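Report on one structure; see the data block that follows.
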Amino acid sequence: MDVQLGCCWRCENPIERDVACIVCGESKYCSEVCRFRDQWRHISECVEWRPKQCSNAKCGIVSGQLKECTACCDAWYCGETCQRQHWKDHKPSCQKRTQEIREVGAALKVNFHNYPKFSSEKAMMQFPYYIGNTLAIDMLNLPANESRREDERTEKTSELDTLEDSYSILSAGCGNIRNWIHTVASLPNEFKGTLHTVLNDCDIYVQARNVLQLYMMIMYSDDPNVAERITTIWYSLHLPEEDYKFLIDCLRALLGFSADSLDEVTGGALKLSETDITAIRPVWKAWLELECREGHPNYIDLQEQRRRLLYQNQEMEEGMKLYRKELPNELLQSFDEYDKHGNFIPGVNAESCNLPYDNPTLTGYMFTQSAQVTPIESLLFLMSGRFVYCIDNCLMAFSEWDYLKVKKHHYNKSMVVMFHSFISDQIKQTIASIKAGAQRVSIIICNCFDISARVDVESDRFDRIFTSNIVDFSGTQALLKVMKPLLNRANKSSTIITQHYGWYLSVPDSMVYGEITAAKTTLPAPQRVCEISSCAILAAYDINSDYYEDMLSRHPSTMTEECDKVIDANMFFCQEYFNNMNWFVSYLRAECMAVNKDSQSTNPPSFQKVKQSEGLQLRDFRRGNSNKVVPFRYRRNARPVNMTRGMDRMLEWHFA
């Protein structure tokens, strides 16, 4: 669960009087009011955590000790007798589910076949992810792992010892550095150890920006305004003259460094190979060569480029309109101002003439819009084309920093003021840790499947390995096979984190929507237009009560049209109100079937086998709060400002 232990699952305030869900007992609230308000969202998880009922109607016993049908994982029995008695009724649905898993597995096998070989080339044909599409996470989370107080009878080292130890993290397919910054900023104040982080990505554009930002933090750590400058340069379309000149100075300095001299000047805090710095140097050079001053004959005019990119089709426009509807009313004015101009600078008027420069680091070479270029060698060094604005319309600061943490840090009616303050503070804490000598960062540009050739397998062992959503393209077992040898077996808390971001794209719609549990609630008849619409209404109620009231005011026929429009434009709007847990389990089984080349069986592997892949153990996410490092999923309704999605899942693997 994405709520801190001891806090309410609805409002997140500390719990003084424990009020639990009367059915499953897992969800905790500070009051009956919060429990009632969270009931619609909680239904889909409650049905997973509550005691099961025997599927044999003649029995119907309810118990927490029932065993599931291993073939479909969608029926539960108290014993073999009940299972045999129910087989005639259960057989059609069980065989149907098994066949669906086979079909999904066959499709995934084709998708996964060539990924390790061609992933670098594929990445170069996409948007550079200068801004991430998932929330920043704490990849270490010491308080819930190494520093957690265990039973005194165990041989666990003391909490003080864990805060003085050294830790290593491998972030494969890392994207930008938000996860690293949030990890460092989340370290306990008492932490006296060191953290070595390897940031691995095959995208030279993203890595060029990562090195630039790291250099700024290390070399200008004594500048009291550097955190705010970095935040502005990270996200703002236009820059003040002082920030632009700071950026240009840093780019020019980086062009003059070799890998050894950069290592020396940063005191060993930032390392990369000569091959890698050579690969990203042309990106810095291209940014320097862009004419960013408004009014110049060769002015790049990023605002016009952004406008064309954001609103090039109706689907994008509808998506942004829906996002706006989900925002709290008091934030609308500030979002509209940001959306119009793209400025991420607090206290600056949108029409201000004090922002004379465009931000070159929001540009890249758009291979998807270029001529037919396929060889990877050409893609890596083809810098003759003009760099253009290349940020996907759904990627902005509001999409990658947790709104719940942001508003607790500094709530403001201006989204820019609120998020700029939070991000700057995260960077300040990171800079302080760097100055204390607690941080070392290594940049490695390569396909993550080749990472073993770039690290010392004999000596480099990582306490956490974060793999982004690479499993969406490769399959979990193939990735675990590569990463397992790098995991620190000596640390009982060592964990590999896999992120499933696009699993729903490979399965039928029936899998995505699963059992529509929210539709079984006691909604008034006018609101029960259809099952999916009722979920959309519940989501609207939780996220934006004004939008909910607007839905209720409509005639049932027009309400259906509105709900359909909402779901078509953004299917994630109401996704957490569906129970698709069993379908996600089915997907993991199909994925395992697709990757397992040695198996001659046409039967899908059991979920028990999936949980024990490659000699690692999966923390069973179906049993409540099983994850120890990151949440299995985030509550979307609690984060109307974030573009979180109801289907995103994060799994944790550890040594059995």
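Among the residues making up the stretch 291-302, those that are buried (at least 19 other Cβ atoms within 10 Å of the Cβ) and at pLDDT below 95 are 300, 302. Return yes when residue 228 is closer than 29 Å to residue 421 by Cβ, assigned by TED's automatic domain parsing to the domain that holds residue 390 and assigned to a helix (DSSP H, G or I) and no when it is not. For residue 228, the condition - closer than 29 Å to residue 421 by Cβ, assigned by TED's automatic domain parsing to the domain that holds residue 390 and assigned to a helix (DSSP H, G or I) - is met. In the set 603, 637, 642, only one residue is out of contact with any strand residue (DSSP E or B) (no Cβ under 8 Å at 6 or more places or on another chain), in a loop (DSSP other than H, G, I, E, B) and either farther than 30 Å from residue 396 by Cβ or without any contact (Cβ under 8 Å) to a residue 40 or more places away in the chain (or both); that residue is 603.
Residue 271 meets each of the listed conditions (1) assigned to a helix (DSSP H, G or I); (2) over 17 Å from residue 423 (Cα atoms); (3) in contact (Cβ under 8 Å) with a residue 40 or more places away in the chain apart from (1).
Condition test on residue 484, is it closer than 26 Å to residue 618 by Cα, in contact with a His (Cβ under 9 Å, 6 or more places away or on another chain), of a type in the set (D, E, K, R) and at pLDDT 90 or above?
no
Out of all the residues in the stretch 26-56, which are of a type outside the set (Ser, Thr, Tyr) and closer than 30 Å to residue 81 by Cα? Let's see the steps before the verdict.
Residues of the stretch 26-56 that are of a type outside the set (Ser, Thr, Tyr), as a first pass: 26, 28, 30, 32-43, 45-54, 56.
Selection gives 45, 46, 47, 48, 49, 50, 51, 52, 53, 54, 56.
Each residue in the stretch 6-20 was checked for being surrounded by 12 or more Cβ atoms within 10 Å (Cβ to Cβ) and over 28 Å from the mean Cα position of the chain (by Cα), and 2 of them qualify. Apart from one condition, residue 93 fits all of (1) modelled with pLDDT of 90 or more; (2) in a helix (DSSP H, G or I); (3) surrounded by 18 or more Cβ atoms within 10 Å (Cβ to Cβ); (4) of a type outside the set (Phe, Trp, Tyr); the exception is (3).
Per-residue answers, yes or no, for (1) loosely packed, with under 13 Cβ neighbours inside 10 Å; (2) modelled with pLDDT of 90 or more; (3) within 28 Å of residue 402 (Cβ to Cβ):
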| site | (1), (2), (3) |
| --- | --- |
| 32 | yes, yes, yes |
| 36 | yes, no, yes |
| 39 | no, no, yes |
| 47 | no, no, yes |
| 56 | no, yes, no |
| 59 | no, yes, no |
| 65 | yes, no, no |
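The values are calculated or read from the model by the stated rules, or taken from the named source; none is laboratory data. As the structure is a computational prediction, the values presented were derived from the model and not from experiment. Methodologically, a virtual Cβ is constructed for each residue, glycine included, from the backbone with ideal geometry; neighbour enumeration extends over all protein chains shown.
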